[in-house]
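Asker: Here it is: the structure, laid out below.
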Amino acid sequence: MSAPFVLVTGAWHGGWAWHPVAEHLRAAGHTVHTPTLPGLADGDDRTRHSLSDVVRAIVELVEREDLQDVTLVGHSWGGYPITGAAPALASRLRKVVYWSAFVPAAGRSLHDEVPPQYQQLFASLAEASGDNSVALPFEVWQAAFMNDAAEEAQRIVHSLMVPQPYQYFTEIVDPIEPDQLGVPLAYVLSEHDVALPPGEYGWARFAERLGVPVQPAPGSHEACFTQPAGLAEAFLRA
């Protein structure tokens, strides 16, 4: 088998979301791990864990499986936990790949990086939830996240998503220092991703933080469902 992949989901998703991409990577000869992170399994207590627990879960997975030469991939919010995990795993990593993902800056949470309308939406949903969680409204998902799919597929995937612990959006991790990490970095961006609007809050600013060029992939923010073959190929090229 070729070098392993560890694929870390974005908000509201479990490891199940990677199944179509993982099948393509396995067909290319790779082992693939798709963890469901603490707090993101069906029925989990959304108040129990912190962002540091999520980071620790990734580190423990790689160490428990004694993985070497790993390509660590994070999608969207998943950029936060992979950033936190990468320094502890540096000797085991082949590359760190951010796909349409947040790249943390010092002292800045995901809440600080999204447009004001998302800040207000997430805060109000968390306050009303009873367990400090955010359930993404279908209309937002349909228009901005999985906008390249038919409504039936959008509704099916949306029904599988779980509420996101809001503290995962408001807590911080230390940023990556590329020169000190000593591991190659890549930024893959889906060409029709409008989950963040272009401009001041767009995705391209995060590649600039890493000091790497944007590498294109097909599809929307949820290309893991709509363009899995093209997304897997983009990860292999990265």
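Asker: Give me a count of the residues in region 12-21 that are open to solvent by less than 80 Å² (accessible area, probe 1.4 Å), in a helix (DSSP H, G or I) and out of contact with any helix residue (DSSP H, G or I) (no Cβ under 8 Å at 6 or more places or on another chain).
Answerer: Step one: of region 12-21, the residues open to solvent by less than 80 Å² (accessible area, probe 1.4 Å) are 12-15, 17-18, 20-21.
Adding the requirement that they be in a helix (DSSP H, G or I) leaves 15, 17-18, 20-21.
With the extra rule that they be out of contact with any helix residue (DSSP H, G or I) (no Cβ under 8 Å at 6 or more places or on another chain), the set shrinks to 15.
The total comes to 1.
Asker: Here's a follow-up. Which residues, counting only those in region 186-227, are open to solvent by 10 Å² or more (accessible area, probe 1.4 Å), touching a Ser or Thr at 6+ places or on another chain (Cβ under 9 Å) and in a helix (DSSP H, G or I)?
Answerer: Scanning region 186-227 gives a single hit, 226.
Asker: A further question follows. Look through region 22-37, keep the residues that are in contact with a strand residue (DSSP E or B) (Cβ under 9 Å, 6 or more places away or on another chain) and either of a type in the set (Lys, Arg) or over 20 Å from residue 96 (Cβ atoms) (or both), and return whichever of them is surrounded by the fewest Cβ atoms within 10 Å (Cβ to Cβ). Walk me through how you get there before you give the answer.
Answerer: Narrowing region 22-37 to residues in contact with a strand residue (DSSP E or B) (Cβ under 9 Å, 6 or more places away or on another chain): 22-23, 25-26, 28-35, 37.
Filter again for either of a type in the set (Lys, Arg) or over 20 Å from residue 96 (Cβ atoms) (or both), leaving 23, 26, 29.
Working: 23: 14, 26: 14, 29: 9.
Once the filter is applied, the top-ranked residue is 29.
Asker: Taking region 40-56 only, how many residues are touching an Asp or Glu at 6+ places or on another chain (Cβ under 7 Å) and over 17 Å from residue 9 (Cα atoms)? Step through it out loud before you land on a result.
Answerer: Of all residues in region 40-56, those touching an Asp or Glu at 6+ places or on another chain (Cβ under 7 Å) come to 46-47, 50-51.
Going one step further and asking which of them are over 17 Å from residue 9 (Cα atoms), we end up with 47.
Residues that pass the stated criteria total 1.
Asker: Hey, any hits in region 105-118 for a residue that's free of Cβ contacts under 8 Å to residues at least 24 places away in the same chain, within 20 Å of residue 82 (Cα to Cα) and not β-branched (Val, Ile, Thr)?
Answerer: We begin by selecting, within region 105-118, every residue free of Cβ contacts under 8 Å to residues at least 24 places away in the same chain; these are 112, 116-118.
Checking the rest, the ones that are also within 20 Å of residue 82 (Cα to Cα) come to 112.
Pick out the ones that are also not β-branched (Val, Ile, Thr) and you get 112.
Checking region 105-118: at least one residue is free of Cβ contacts under 8 Å to residues at least 24 places away in the same chain, within 20 Å of residue 82 (Cα to Cα) and not β-branched (Val, Ile, Thr).
Asker: Specify the residue that is modelled with the highest pLDDT; the eligible residues are those in region 161-182 that are open to solvent by 60 Å² or more (accessible area, probe 1.4 Å), over 16 Å from the mean Cα position of the chain (by Cα) and not charged (D, E, K, R).
Answerer: 182
Asker: Additional query: Among what's in region 145-160 and is part of a helix (DSSP H, G or I) and more than 18 Å from the chain's Cα centre (by Cα), pick the residue that is surrounded by the most Cβ atoms within 10 Å (Cβ to Cβ).
Answerer: Of all residues in region 145-160, those part of a helix (DSSP H, G or I) come to 145, 151-160.
Among the residues that remain, those that are also more than 18 Å from the chain's Cα centre (by Cα) are: 151-156, 159.
On the way: 151: 10, 152: 8, 153: 14, 154: 21, 155: 14, 156: 12, 159: 8.
Restricting to residues being part of a helix (DSSP H, G or I) and more than 18 Å from the chain's Cα centre (by Cα), the top hit is 154.
Asker: Run residue 209 past the list (1) in contact with an Asp or Glu (Cβ under 8 Å, 6 or more places away or on another chain); (2) closer than 19 Å to residue 8 by Cβ and report the number of the one that doesn't hold.
Answerer: (1)
Asker: Among the residues of region 40-88, write down those that are small (Gly, Ala, Ser) and more than 24 Å from residue 109 (Cβ to Cβ).
Answerer: First, pick out the residues of region 40-88 that are small (Gly, Ala, Ser): 41, 43, 50, 52, 57, 74, 76, 78-79, 84-86, 88.
Of everything in region 40-88, just one residue is small (Gly, Ala, Ser) and more than 24 Å from residue 109 (Cβ to Cβ), namely 43.
Asker: Also, quick follow-up: Determine, yes or no, whether residue 233 is surrounded by fewer than 18 Cβ atoms within 10 Å (Cβ to Cβ) and over 29 Å from residue 29 (Cα atoms). Lay out the reasoning, then the answer.
Answerer: Numbers: surrounded by fewer than 18 Cβ atoms within 10 Å (Cβ to Cβ): yes; over 29 Å from residue 29 (Cα atoms): no.
Here the answer is no, as residue 233 does not meet what is asked.
The values are calculated or read from the model by the stated rules, or taken from the named source; none is laboratory data. The structure displayed is predicted, hence computed values, not measured ones. Cβ sites come from the backbone with ideal geometry, for glycine too, and all protein chains shown count toward neighbours. Heavy atoms of the whole protein, side chains included, go into the accessibility calculation; ligands, DNA and RNA do not. Shrake-Rupley method; radii C 1.70, N 1.55, O 1.52, S 1.80 Å.
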